[in-house]
Amino acid sequence: MISQFFILSQRGDSIVFRDYRGEVPKGSSEIFFRKVKFWKDDGEGDAPPVFNADGVNYFHVKDAGLLFVATTRVNVSPSLVLELLRRIARVVKDYLGVLNEDALRKNFVLVYELLDQIIDFGYVQTTSTEVLKSYVFNEPVVVDSSQLGPAGIFMAKRMPVTTITKSVVANERGGRKREEIFVDIIEKMSVTFSSSGYILTSEIDGTIQLKSYLTGNPEIRLALNEEVSIGRGGESIYDYGSSLGSGAVILDDCNFHESVHLDSFDVDRTLTLVPTDGEFPVMNYRITQEFKPPFRINALIEEAGPFKAEVTIKVRADFPSSIIADKILVQIPLPTYTTRVSFELEPGAVGNTTDFTEANKRMEWGLKKIVGGSEHTLHAKLTFSQESHGNITKEAGPVSMTFTIPMFNASRVQVKYLHITKKLKSYNPYRWLVIVTCSFRESSD
């Protein structure tokens, strides 16, 4: 049970606000944004997804630069509320076609109608896009494709722009509906290196997402590569002489959408389902088997005097040159007595940004893109307010790195084919497959 729901922009503007029970003060959105903003400014990092302030529990998730927030005074399951917020964001995206501030403002009437059907007096009714189509009658206002973010621009290079911003309830001109289905493999990885470059921990959290614009709810069959195996069965991941072979893709655990039938999964790794309208995860999986990380990070910190030090960071891309990573951000915490940082980029560097945040003593290096097989270096000179006494290596780090790599997945999980069952032989819908790898955290101690 929740008391309020609201959506805030990056500036803290309240785009959507709904008070269901009147138990929480009206100014809760301002209180929430102030808490979240000062949390980061105080050097404590990002605010946790759940926190309490003045007897009010705040829950929030961030999606496409927007903050989806729920409040309540009662003790409810945090996991339940966070999942509700994610599903609301997904439903809004299904109806609007694209999730951003401009789309919300142009379709606020539709968004309020959706909220009234999803939540009644603080209690969840349904988050199914297909069920909501029977109760929501407003048509979405199409957003100009020029408002797309970086991810949308990348997608537009590979498929028609109308597919990116298309709502599940809107038809094309002439009342026709284009038969399309999209399958995305999205993987988030977390890797920790030792100071000597060895991998300490590694993990991949992957999702196979499906978005369907098919009419008539036809049955589809989605086949994964046969090397996929669930559970290690007590065998070492280094035992390449086992029956699994060196090419095995071992999933530690996985779960499937409620509409997926697993009758043939154990035989030929085929998933059978009748897709619902909108976007939903067909399968979630987790891998802790050792894999080759896409990047190698080397950081060297040396003292250059009693009040000075030098930092050298090298990033090497260990993937093919045909693949390009973007939105790369390298961060390293510095000693608390650091007062000034001067940066020196490599010759010919384009699209790089550097910054030193005084509040949390953190050095940041941003790269617009990295081509596979390339290596990039950053030199920085640190100035201290006191002597380091030889403890600088213990007080700095670890280095962390975030990134996104389109059309690359480290786990080797693949979709072999997608078969759509339809009675008419002339039925041939468009099929799109997109693979994206991004990082939870890739760090070096």
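Of note:
- Qualifying residue in region 285-299 (condition: open to solvent by 40 Å² or more (accessible area, probe 1.4 Å) and closer than 18 Å to Ile435 by Cβ): yes
- Unmet requirement for Lys314, which otherwise passes all of (1) of a type outside the set (Asp, Glu); (2) touching a helix residue (DSSP H, G or I) at 6+ places or on another chain (Cβ under 7 Å); (3) modelled with pLDDT of 90 or more: (2)
- Candidates Val81, Val76 - the one that is at pLDDT below 95 and either polar (S, T, N, Q) or within 27 Å of Glu113 (Cβ to Cβ) (or both): Val76
- Any chance Arg18 is open to solvent by 60 Å² or more (accessible area, probe 1.4 Å), touching a residue at least 40 places away in the same chain (Cβ under 8 Å) and not in a loop (DSSP other than H, G, I, E, B): yes
- Scanning region 339-360 for residues that are closer than 30 Å to Lys292 by Cα, in a strand (DSSP E or B) and either open to solvent by less than 70 Å² (accessible area, probe 1.4 Å) or modelled with pLDDT under 85 (or both) yields Leu345, Asn352, Thr354.
- Some residue of region 43-59 being of a type in the set (A, V, I, L, M) and within 26 Å of Gly97 (Cα to Cα): no
- Counting only residues that are out of contact with any helix residue (DSSP H, G or I) (no Cβ under 9 Å at 6 or more places or on another chain), in a helix (DSSP H, G or I) and open to solvent by 10 Å² or more (accessible area, probe 1.4 Å), region 71-91 holds 6 of them.
- In this entry, Phe68 passes the filter for residues that are of a type in the set (Phe, Trp, Tyr), in contact (Cβ under 8 Å) with a residue 12 or more places away in the chain, touching a His at 6+ places or on another chain (Cβ under 9 Å) and buried (at least 19 other Cβ atoms within 10 Å of the Cβ).
- Candidates are the residues of region 269-302 that are hydroxyl-bearing (Ser, Thr, Tyr) and without any contact (Cβ under 8 Å) to a residue 60 or more places away in the chain; the one that is nearest to Asn391 (Cα to Cα) is Thr270.
- Here Gly305 meets each of (1) within 27 Å of Lys37 (Cβ to Cβ); (2) open to solvent by less than 70 Å² (accessible area, probe 1.4 Å); (3) without any contact (Cβ under 8 Å) to a residue 12 or more places away in the chain; (4) of a type outside the set (Lys, Arg) with one exception, condition (1).
- The one condition in (1) at pLDDT below 90; (2) open to solvent by less than 40 Å² (accessible area, probe 1.4 Å); (3) out of contact with any Ser or Thr (no Cβ under 7 Å at 6 or more places or on another chain) that Met363 fails to fulfil: (1)
- Among residues that are touching a helix residue (DSSP H, G or I) at 6+ places or on another chain (Cβ under 6 Å) and surrounded by 14 or more Cβ atoms within 10 Å (Cβ to Cβ), Val36 is not included.
- Across region 213-227, the qualifying residues are those that are crowded, with 16+ Cβ neighbours inside 10 Å and touching a Pro at 6+ places or on another chain (Cβ under 9 Å), and the one among them that is modelled with the highest pLDDT is Ile220.
- Of the helices (runs of 4 or more DSSP H) lying entirely inside region 92-196, those carrying at least 2 residues that are farther than 27 Å from Ala70 by Cβ and modelled with pLDDT under 60 are 150-156, 161-164.
- Arg11 touching a residue at least 40 places away in the same chain (Cβ under 8 Å) and basic (Lys, Arg): no
The values are calculated or read from the model by the stated rules, or taken from the named source; none is laboratory data. Computed from a predicted model, the values in this text were never measured in an experiment. Using ideal geometry, Cβ is built from the backbone for each residue, glycine included, and neighbour counts are taken over all protein chains shown. SASA here: full protein model, heavy atoms, side chains in, ligands and nucleic acids out. Shrake-Rupley method; radii C 1.70, N 1.55, O 1.52, S 1.80 Å.
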